[in-house]
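Bear in mind that the values in this text are calculations on the coordinates, not laboratory data. Bear in mind that the values here come from a model prediction, so they are computed numbers and not experimental data. Cβ sites come from the backbone with ideal geometry, for glycine too, and all protein chains shown count toward neighbours.
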Amino acid sequence: MLTTEQKELVKATVPILKESGVLLTDYFYKRMLSGNPELKHVFNLANQRNKKQQTALAMAVLAYAEHIEDPSVLMPVVDGIGHKHVSLNIRPEQYMIVGKHLIASIGEVLGEAATPALLEAWTAAYNQLASIMTGHEDGLYHQQVQRPGGWSGWKPFTIKKKQKESSEITSFYLVPTDGGPVADFIPGQYLSIRLFIPELGLLQPRQYSISNAPNGEYYRISVKKEGAPEPNPDGLISNRLHSHVQEGDIVEVTAPAGSFFLKDQGDHPAIFISGGVGQTPLMSMLEALIRTGSKKPKTWIYGCKDIDAHAFKDQLELWAKENKEVSKHIFYDTPPTPPHTEQAYQGWVDLDLLDEAILAPNADYYICGPAPFITKHMKALLEKGIRREAIHFEEFGPQTLSFNEN
């Protein structure tokens with residue numbers, strides 16, 4: 001339990017964290033992965049390389065320091081991080097390793113400013129945070145194993161089918177190698193997949209949204225082939241799935257997780273906004289609504305570079321044709337030319353080009369994509385008077401975005 005004096009010491013480090021938080025977390029990760037190289041099998045090296053993981057941790061530590069008097073206000077953040085950790089099979093004993101290196105890093109980076117009292121305060125603060133996180137994650141693990149067919153940790157799955165969806169995206173259909181049942185999930189959630197990378201001599205995990213509605217038969221992930229060449233960590237697993245993994249191969253998978261999912265409440269409209277491979281969790285949501293016979297209006301707003309890169313185009317056309325409640329608004333950087341008949345806007349997704357009646361004030365909005373995409377459309381919706389609590393988003397990779405709920 002933190003004393004009042006310890007809380008004040010932690011809060012006093014807020015200016016330092018604001019100015020040098022990423023410097024501290026970058027030092028911390030290098031120290032930890034050097035001292036405990038086995039954790040290289042756990043952490044996404046691409047997110048280490050591009051500093052997204054360091055930035056996300058710095059923001060989390062800062063938020064915790066700022067709310068040290070009442071950490072309960074951070075529960076939405078704790079929940080999101082907890083789902084990520086459970087998906088990566090993070091366990092309580094690993095928090096002990098992280099704590100050791102984090103406190104040592106604070107002392108080594110701050111130098112003389114890191115007094116024994118300050119380090120003792122941050123040790124108490126970290127132990128409190130670790131207790132909150134592990135307690136929450138224990139509940140999430142429990143939920144996973146309680147589902148019929150649910151499991152904990154890494155489990156072998158077989159690639160039942162590999163299907164090209166566009167010039168960039170390929171789908172992989174996953175079934176349990178042991179022939180067991182396929183556990184249900186909430187539309188919008190994701191899986192972690194782990195592959196051994198010979199070039200690195202490491203196992204590397206990546207998280208991919210499930211792109212189909214629950215069906216009890218398989219999980220489908222739809223993966224974009226990245227432009228970065230191997231063995232560059234960027235796109236390393238995605239590209240390997242495209243080029244090396246074939247039907248019949250076995251991959252390791254963790255149970256579905258994620259706090260971005262369909263809020264299927266009432267008959268008010270659902271509006272889905274995405275670009276590129278960001279459509280994958282939204283495809284799961286839209287299909288689930290259609291499969292359950294929901295009569296609520298469903299609006300699909302989507303953008304990609306050209307018609308050849310448009311995954312699931314035919315499926316969306318079929319859904320819109322067969323369900324009068326489904327409407328779609330497509331944006332292409334390069335518009336199609338005859339004989340294609342696809343009606344599309346030219347350029348990036350721009351909500352200002354849509355009729356105001358499309359953006360219903362009583363709708364739930366779901367946005368998925370990279371941080372700039374989410375920020376742009378979040379701002380546009382708020383400026384149009386849409387309530388913040390009606391806007392839900394998923395940022396691919398470590399969470400670096402935070403929007404006030406009020």
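Tabulated values for the structure
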{"quantity": "Extended-chain gain in nm, criterion 0.36 nm per residue less alpha-carbon gap, Lys305 and Glu120", "calculated": "61.3 nm"}
{"quantity": "Within the range 10-27, backbone nitrogen closer than 14 Å to the virtual label 7 Å beyond the Cα of Glu112 toward Cβ", "calculated": "none"}
{"quantity": "Degrees, to the nearest 10: 371-383 long Cα axis against longest axis of the chain", "calculated": "70"}
{"quantity": "Alpha-carbon centroid distance for the pair the range 303-341 / the range 69-97, whole angstrom", "calculated": "39"}
{"quantity": "Phi to ³J(HN,Hα) by Karplus 6.51 cos²θ - 1.76 cosθ + 1.60 over the range 348-359, Hz, x for Gly, Pro", "calculated": "6, 4, 9, 5, 5, 7, 8, 4, 4, 5, 5, 8"}
{"quantity": "Cut-off 17 Å (backbone N to label point 7 Å along Cα→Cβ of Phe196), residues of the range 242-258", "calculated": "244-246, 249-253"}
{"quantity": "Loop sites in the range 195-295: GluC sites (Glu not before Pro), DSSP, at most 11 other Cβ within 10 Å", "calculated": "Glu199"}
{"quantity": "Gaussian network model of the chain, springs between alpha carbon atoms under 10 Å - residue of Ser167, Ser243, Ser87 with greatest fluctuation", "calculated": "Ser243"}
{"quantity": "Relative contact order of the chain, pairs being alpha-carbon contacts under 8 Å that are 6 or more residues apart, as %", "calculated": "15"}
{"quantity": "Whichever lysines have a C-alpha closer than 19 Å to that of Lys7, once near sequence neighbours (fewer than 8 apart) are set aside", "calculated": "Lys18"}
{"quantity": "Listed residues Asn44, Ile68, Leu353: farthest to the positive end of the dipole of the chain (Cβ charges)", "calculated": "Asn44"}
{"quantity": "Within-10-Å neighbourhood charge of Cys368 [Cβ basis; K, R +1; D, E -1]", "calculated": "-2"}
{"quantity": "Calculated [θ] (222 nm, deg cm²/dmol) that DSSP helices of n ≥ 4 give over the chain, each run adding -39,500 (n - 2.57)", "calculated": "-12500 deg cm²/dmol"}
{"quantity": "Simple spin-label estimate for Gln315 and Ile250 in nanometres, 7 Å along Cα-Cβ", "calculated": "2.8"}
{"quantity": "Residues with amide H under 5 Å from that of Thr177, placed H, sequence gap 5 or more", "calculated": "Phe157, Thr158"}
{"quantity": "Positive-pole candidate from Ile132, Thr158, Ile103, dipole of the chain, charges at beta carbon", "calculated": "Thr158"}
{"quantity": "Cβ-Cβ FRET estimate between Thr177 and Glu217, R0 fixed at 22 Å, reported to 0.05", "calculated": "0.90"}
{"quantity": "Computed label-point distance, nm, for sites Tyr345 and Asp70 using a 7 Å Cα→Cβ extension", "calculated": "4.0"}
{"quantity": "Anisotropy class of the chain from Cα gyration tensor, a/c 1.5 cut", "calculated": "prolate"}
{"quantity": "Estimated FRET transfer efficiency when R0 is 51 angstrom, pair Glu383-Lys30 (beta carbons, to 0.05)", "calculated": "0.80"}
{"quantity": "Subset of Lys155/Lys376; Lys84/Lys376; Lys162/Lys298; Lys164/Lys328 violating a 32 Å alpha-carbon distance limit", "calculated": "Lys155/Lys376"}
{"quantity": "Spin-label pair Lys296/Leu2, simplified geometry with 7 Å Cα→Cβ offset, distance in nm", "calculated": "3.8"}
{"quantity": "DSSP beta bridge pairing in the chain, given as percent antiparallel to the nearest 5", "calculated": "55"}
{"quantity": "Helix 116-146 vs. the chain, principal-axis angle (Cα, 0 to 90°, nearest 10)", "calculated": "40"}
{"quantity": "Angle between the chain longest axis and helix 313-322 axis [Cα atoms, degrees, rounded to 10]", "calculated": "60"}
